[in-house]
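Enquirer: For reference, the structure I am asking about is given below.
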Amino acid sequence: MLLSAGFASAQTSRVNIVLMLSDDQSYPDLSIYGNPDLDTPSLDELARQGHLYTRAYVTAPQCVQSRASIATGLWPLSTGVVRFSAALPEKTTTVFDILKKSGYFVGMVGRGHHLNGTRVKDDGRVGPLGDTFSRRLDYLSIRSEASADLVSDFLAVRPSDRPFFLQIGFSDPHRPSTAAQFEPEPDTISLAPGMPDSPIVRSSLSGYYGEVNRLDAVAGRILEALRDSELMGSTVIIFMGDNGAAVYRGKGTLYEKGIHVPLIIRLPGGESGGEVHDGLVSGVDLMPTILDLAGAPTPDGLDGVSLVKSGSDELTMDRAVFAVRGSHGTGLAGNNAVAFDLGRAIVAGRYKLIYNAIPRYPYGQTDIPWKDEKALIEEFGVQRLRKEFGFYYGGERPMFELFDLAEDPDELNNLFELESHRDTRNRLLTDLSAWMEMQNDFVPIPYPGLVDR
């Protein structure tokens, strides 16, 4: 995947860098990706001025593990963050640390980074484990919602003689859905193949789409604040989803809606914009990319690769990316895979292999309110749901799932047991097993020979 000369030229000056992270947003959920149910003109224009990635994956379908990888350039097991509520170890080097040491004024506004961990207090309440993170930053303004005002406040206090890095955390489109004025009509929404066609499902998707539309409106005001400050000509802007949406087979799963996210990189001034990249990239690539753009040193041992190095042999369709699923929130294992699960995934070329290490746990709907699930069961009946939409409401899951994403982007046809895909299956099992070995994974490793027994 050859990137334009604009990336190379961006490395020659001390550019400012803005990283915008949405909370729970899946690919292809921007209108520029071809989703007809969304209206996202601000981010669409950002993509037209920049580089749009169609195959960006995060390292986990939950925010804590994913954000740890984005901040460190490491796979989740290497970060030490293997649970939703874990704290990023204070000794772990992040992109914020290196930029700060390199002379950048480093800030964060909006939704928090989720990397201080949580603990349960004596009275049963959940609170912060401890602030191990603010030392990495020069400026921190955590609020429930991102806004142009927060960005303007940051810009007002930044030193004029230093470049800056600013991470902006959006709360949208995280549930609960509260953007009614931005929602499309539920009856007009396109449903993915195999999804129950119900007013409940349509209303749920409409709420999610409304929050994506509102996110775009806020992003537009933030971009306007940067323009008003005459910074667009000297600032790199990166937009990415932290993990997939809380929709069916989304957040909390290793399916496409759980780990496949939007990614846009706009260079200063919008030079060489309008390029679309179809190569596989990962959340671990953001740290080395940002450091390259900043002209800052990149530490050895990162799992990610920079997206700004033209002609990198690692950024091809043959490259493999990985994702993990662990516990979600602070709950114990229950009777399904919502609060706790152990899974691994590899995406290589057109294929994805999912390893469900505890398949006896049925699939569950992470962050979709139980009242909605209960109403849907009452509408259809559990037997019909399991018969017609079994991958949502079935019992025990298969231990392994293999999908041809080119032919079956909705992941409806598990090819794992087919003799015609034996070579592909064993190749991905071998690559996943090797990766798990290198990561010192605590989950049992599925060598092809063991699986074939």
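Enquirer: Suppose every K and R has +1 on its Cβ and every D and E has -1 on its Cβ; what is the size of the dipole of the chain about the Cα centre, in Debye to the nearest 20?
Expert: Roughly 1220 debye, rounded to the nearest 20.
Enquirer: Would you please state which residues of region 188-225 a label at ARG384 would reach in this model, taking the label point 7 Å out along Cα→Cβ and a backbone N cut-off of under 19 Å?
Expert: Output list for this probe position: 191-204.
Enquirer: Could you work out how much longer the chain between ARG453 and GLU419 gets when fully extended? Use 0.36 nm per residue separation minus the Cα distance between them, nm to one decimal.
Expert: 10.8 nm is the gain from fully extending ARG453 to GLU419.
Enquirer: Output the peptides 429-438, 69-78 sorted from most to least packed, where packing is the average of other Cβ atoms within 10 Å over each peptide's residues.
Expert: Result, highest mean first: 69-78, 429-438.
Enquirer: SER141 to ASN440: FRET efficiency via 1/(1 + (r/R0)^6), r the Cβ-Cβ distance, R0 45 Å, to the nearest 0.05?
Expert: So the FRET efficiency works out to roughly 0.75.
Enquirer: For the chain: lysine pairs with Cα atoms under 30 Å, gap of 8 or more or different chains, count?
Expert: For the chain, the number of qualifying lysine pairs is 22.
Enquirer: Which value, in nm² and rounded to one decimal, describes the direction-averaged projected area of the C-alpha convex hull of region 82-205?
Expert: About 12.1 nm², averaged over all directions.
Enquirer: Scaled to the compact-protein estimate 2.2 N^0.38 Å, what is the alpha-carbon radius of gyration of region 5-314, rounded to two decimal places?
Expert: Region 5-314 yields a ratio of 0.96.
Enquirer: For Cα pairs less than 8 Å apart in space and 6+ apart in sequence, what is the mean separation divided by the residue count of region 5-314, i.e. the relative contact order in percent?
Expert: Relative contact order for region 5-314 comes out at 35 percent.
Enquirer: For n ≥ 4 DSSP H runs only, could you compute -39500 (n - 2.57) per run for the chain, divide by its residues and tell me the 222 nm figure to the nearest 500?
Expert: -8500 deg cm²/dmol
Enquirer: Still on this structure, I have one more. Would you be so kind as to identify which of ILE377, LEU38, GLN439 lies farthest towards the positive end of the dipole of the chain, taking Lys and Arg as +1 and Asp and Glu as -1 on Cβ and the Cα centre as origin?
Expert: After comparing all options, I get GLN439.
Enquirer: Shifting gears a bit: Percent antiparallel among DSSP beta bridges with both residues in the chain, to the nearest 5?
Expert: 50 percent
Enquirer: Tell me, what is the FRET efficiency for ARG48 and ARG162 to the nearest 0.05, using R0 = 35 angstrom and their Cβ-Cβ distance as r?
Expert: According to the calculation, E is roughly 0.70.
Enquirer: Counting only residues 5 or more places away or on other chains, whose amide H sits under 5 Å from the amide H of MET108 once H atoms are built in the peptide plane?
Expert: TYR139, LEU140, SER141, GLN167
Enquirer: Now for a separate question. If the chain between ALA375 and ASN426 were fully stretched, how many nm would it gain, using 0.36 nm times the residue separation less the Cα-Cα distance?
Expert: Length gained, ALA375 through ASN426: 14.2 nm.
Enquirer: Then there is this: Rank by packing, highest mean first: peptides 172-183, 244-255, with packing defined as the count of other Cβ atoms within 10 Å averaged across residues.
Expert: Put in order of decreasing packing, that is 244-255, 172-183.
Rule-based calculations on the coordinates, nothing more; no lab input. Every value quoted in this text rests on a predicted model; they were computed, and no experiment measured them. Glycine gets a Cβ as well: all are built from the backbone with ideal geometry, and neighbour counts include every protein chain shown.
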